[in-house]
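One structure is given below, represented as structure tokens, and several questions about it will come after.
The values are calculated or read from the model by the stated rules, or taken from the named source; none is laboratory data. A quick note: this is a predicted structure, and the numbers were derived from the prediction, not measured. Cβ atoms come from the backbone with ideal geometry, glycine included; neighbour counts cover every protein chain shown.
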Amino acid sequence: MAKIGIFVGTVYGNALLVAEEAQPILQAQGHEVAVFDDATLAQWQNYSSDVVLVITSTTGQGDFPDSIAGLYREVKDKLGYQPELRYGVIALGDSSYDHFCGAGKTFDALLQEQSAKRVGDVLLVDAVEDPEPESVTSPWVEAWGKEL
Ligand SMILES: Cc1cc2nc3c(=O)[nH]c(=O)nc-3n(C[C@H](O)[C@H](O)[C@H](O)COP(=O)(O)O)c2cc1C
């Protein structure tokens, strides 16, 4: 069973809600799970040989919410190579914006560049189609947890 850190980026709380739904699903599979909103680099580094699940919305024009922007910047600037890290990404967005799910896609691209190993595909959640994101994310989390 895996040790999983869920790192949340949210403006209005949707991504946090998704994380709070994901936590008990993964715990029921026997994983050890903690949720971090406004996380520090030290909290991220606690999982460098384990698993992280990034759940972030996009704000502005393809930008990170403040609650994860600092973490992203530090992971980018202070960590180089993370080959032992396994991860997943749930990206919340809205397809009426130009940079659909831009923040989640950008975090994924960074982790790929740093040689982390993604488990599953990035889940893109469109607020236009799915106003209740948990209806899409919870089945995805269930399947993702089984792949760990
Ligand atoms: C001011 C503003 C800017 C946004 N910019 C984008 C964007 O560039 N790309 C995108 O895919 N979604 C964008 N969105 C949509 C949000 O990402 C989406 O509503 C998401 O579900 C919000 O989740 P949260 O409550 O966790 O912040 C924007 C929403 C707002 C209100």
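Among the helices (runs of 4 or more DSSP H) lying completely within the range 1-90, list those that include at least 1 residues that are within 17 Å of GLY120 (Cα to Cα).
Correct list: 14-28.
Do you know which residues across the range 39-68 are within 16 Å of the ligand (Cβ to nearest atom) and either over 14 Å from the mean Cα position of the chain (by Cα) or exposed (fewer than 15 other Cβ atoms within 10 Å of the Cβ) (or both)?
THR59, GLY60, GLN61, GLY62, ASP63, ASP66
Picking from GLY88, GLY70, GLY120, GLY104, which residue would you name as being farther than 25 Å from HIS31 by Cα and of a type outside the set (D, E, K, R)?
GLY70
Being touching a residue at least 40 places away in the same chain (Cβ under 8 Å) and closer than 24 Å to GLU134 by Cα narrows it down to one of GLY30, GLY9, so name that one. Spell out how you get there, then give the answer.
On the way: GLY30 fails: touching a residue at least 40 places away in the same chain (Cβ under 8 Å).
Of GLY30, GLY9, the one residue that is touching a residue at least 40 places away in the same chain (Cβ under 8 Å) and closer than 24 Å to GLU134 by Cα is GLY9.
Among the residues of the range 65-83, is any modelled with pLDDT under 95 and over 21 Å from ALA143 (Cα atoms)? Lay out the reasoning, then the answer.
So in the range 65-83, the residues modelled with pLDDT under 95 come out as 80-81.
Retained after the next criterion (residues that are over 21 Å from ALA143 (Cα atoms)): 80-81.
So far as the range 65-83 goes, yes, one or more of its residues are modelled with pLDDT under 95 and over 21 Å from ALA143 (Cα atoms).
Report whether or not SER115 is surrounded by fewer than 16 Cβ atoms within 10 Å (Cβ to Cβ), in a helix (DSSP H, G or I) and either among the small types (Gly, Ala, Ser) or within 15 Å of the ligand (Cβ to nearest atom) (or both).
So SER115 does not fit the description; no.
Working only within the range 94-109, note down all residues that are under 23 Å from GLU74 (Cβ atoms) and either within 6 Å of the ligand (Cβ to nearest atom) or not in a helix (DSSP H, G or I) (or both).
Answer for the range 94-109, where residues must be under 23 Å from GLU74 (Cβ atoms) and either within 6 Å of the ligand (Cβ to nearest atom) or not in a helix (DSSP H, G or I) (or both): HIS99, CYS101, GLY102.
Looking only at the range 20-38, count every residue that is farther than 21 Å from LYS105 by Cα, within 16 Å of the ligand (Cβ to nearest atom) and surrounded by fewer than 17 Cβ atoms within 10 Å (Cβ to Cβ) and tell me the total.
2
I've got another one for you. In the range 123-146, how many are without any contact (Cβ under 8 Å) to a residue 12 or more places away in the chain and closer than 21 Å to GLN29 by Cα?
Final tally of qualifying residues: 2.
So which residues in the range 67-101 are without any contact (Cβ under 8 Å) to a residue 40 or more places away in the chain and over 28 Å from GLU147 (Cβ atoms), if there are any at all?
GLY70, ARG73, ASP77, LYS78, SER96, TYR97, ASP98
So which residues in the range 1-19 are exposed (fewer than 15 other Cβ atoms within 10 Å of the Cβ) and farther than 21 Å from LYS117 by Cβ, if there are any at all?
TYR12, GLY13
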